[in-house]
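The values are calculated or read from the model by the stated rules, or taken from the named source; none is laboratory data. Just so you know, these numbers come straight off a predicted model, no measurement behind them. For neighbour counting, all protein chains shown are included, and Cβ atoms are generated from backbone atoms with ideal geometry for every residue, glycine included. What goes into the accessible areas is simple: the full protein's heavy atoms, side chains included, and nothing from ligands, DNA or RNA. Shrake-Rupley method; radii C 1.70, N 1.55, O 1.52, S 1.80 Å.
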Amino acid sequence: MSAAMSHGSSAEPDLTPILDLVFQLITFFMLVINFKAAALDTSLRLPVIGSARPIDSKGVDDVLVLNVNKEGSLNVYGDRKSDIKRYIANEATASRMLAKRKGKTITNDDDLPTTVVIRADRGVSFNLLNKVLTECQKYGFRKFTFKAQNLEK
Amino acid sequence: MQRRKRKKRSSDNVELNLAAMLDMAFQLLAFFILTFKPSPIEGDVNMRLPPPQPVVGAQSGLTVGSSDSADPLQALDSLVVTILGTPTGAIEAMAIGENQVPTLAVLESRIHQLLKDPGGGFQQVLLQVGPTLHYGELMKVVDICNRAKLPDNSNLSKLSFVELPTQ
């Protein structure tokens, strides 16, 4: 009787299994977390193209993600860029500096190694999108990737 | 003697307090759950977009483009495709060179046929686009160009865009 009472007064649940489970969950979320998703504006309605397939660049290429909404304004990491020209010029300078750090010399006439990823709303007019494209071309960006869905949501 | 016994007991029953560790683990878990945002699966259309060059029309002999460079050697043999948009952004009319094309299916077959032809000598496609055309509609044509093959069986990767003046 006394033994049963003493056992009840000092009840300590074994926390080891629950800790194991929580650590497994943490491991799962750590593995699937993707910080690149922060660069994507998920409110955009991308164009639908059947042949568009995800291409894995294996993280080798340096990329510049540009979200262009229906009004033609540029959105980068949730921040709306009012001066598109200056932003792209700064990114071009950054790309040159990065290439220099990697040991490549890029003159003003050379093409930049950075790939511009265009994530534009399907409803944006061409004249608005073309402003972004021509600015990129003006500063030496040549490699472009257009993002699209391969199925309508 | 009693002291010795106590020491022995305490070393035998070492029990870690897991509650604090569990609290920390739960906090980490809560952080990961709250910040978890699965990225959408998106397809890529990779293109090399050189700035518009003066066009040497391999067949039509037309010169189109907005480059300052007047050096004809720098020009590429370009297949000129024109797409006009309605005020609502849909495709109004399409043409290859000066020949009107009624549908996207016809445009696809003609572009594929022209680019595959070794006698054509086309190296890139120049898209002349109406300013009101929506990006979603334009991408249908870009997709057609992206899937086209050149005579050496490689995919076409060079595209140029020229914005047409407002009508």
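Taking amide H as placed 1.01 Å from N in the peptide plane, B:Gln128 has its amide H under 5 Å from the amide H of B:Val81, B:Thr82, B:Ile83, B:Val162, each at least 5 places away in sequence or on another chain. For A:Arg53, the residues 5 or more places off, or on other chains, whose built amide H falls under 5 Å of its own are B:Asp44.
Computed from phi, the 3J(HN,Hα) profile of the range B:20-31 under the Karplus parametrisation 6.51, -1.76, 1.60 (θ = phi - 60°) reads 5, 5, 5, 4, 5, 5, 5, 5, 4, 4, 4, 4 Hz, with x in place of Gly and Pro. Accessible surface of A:Tyr77, taken over heavy atoms with a 1.4 Å probe and every protein chain present, rounds to 150 Å².
Amide H contacts of B:Val101 (H built 1.01 Å from N, in plane; Pro and chain starts excluded): B:Met94, B:Ala95, B:Ile96 sit under 5 Å, all sequence-distant by 5 or more or on other chains.
Going from most exposed to least, what order do B:Ile41, A:Ile18 have by accessible area with a 1.4 Å probe?
From most exposed to least exposed: B:Ile41, A:Ile18.
The heavy atoms of A:Leu40 offer some 40 square angstrom of accessible surface to a 1.4 angstrom probe. Across the range B:39-51, computed HN-Hα scalar couplings (Karplus, 6.51 cos²θ - 1.76 cosθ + 1.60, θ = phi - 60°) run 6, x, 7, 10, x, 10, 10, 8, 9, 9, 10, x, x Hz from first to last residue, x flagging Gly and Pro.
Could you compute the FRET efficiency for B:Val106 and A:Arg101, with r as their C-beta to C-beta distance and R0 at 45 Å, rounded to 0.05? Each step should come with its number before you reach the end.
Numbers: r = 50 Å, r/R0 = 1.11.
Working from the Cβ atoms, E equals 0.35.
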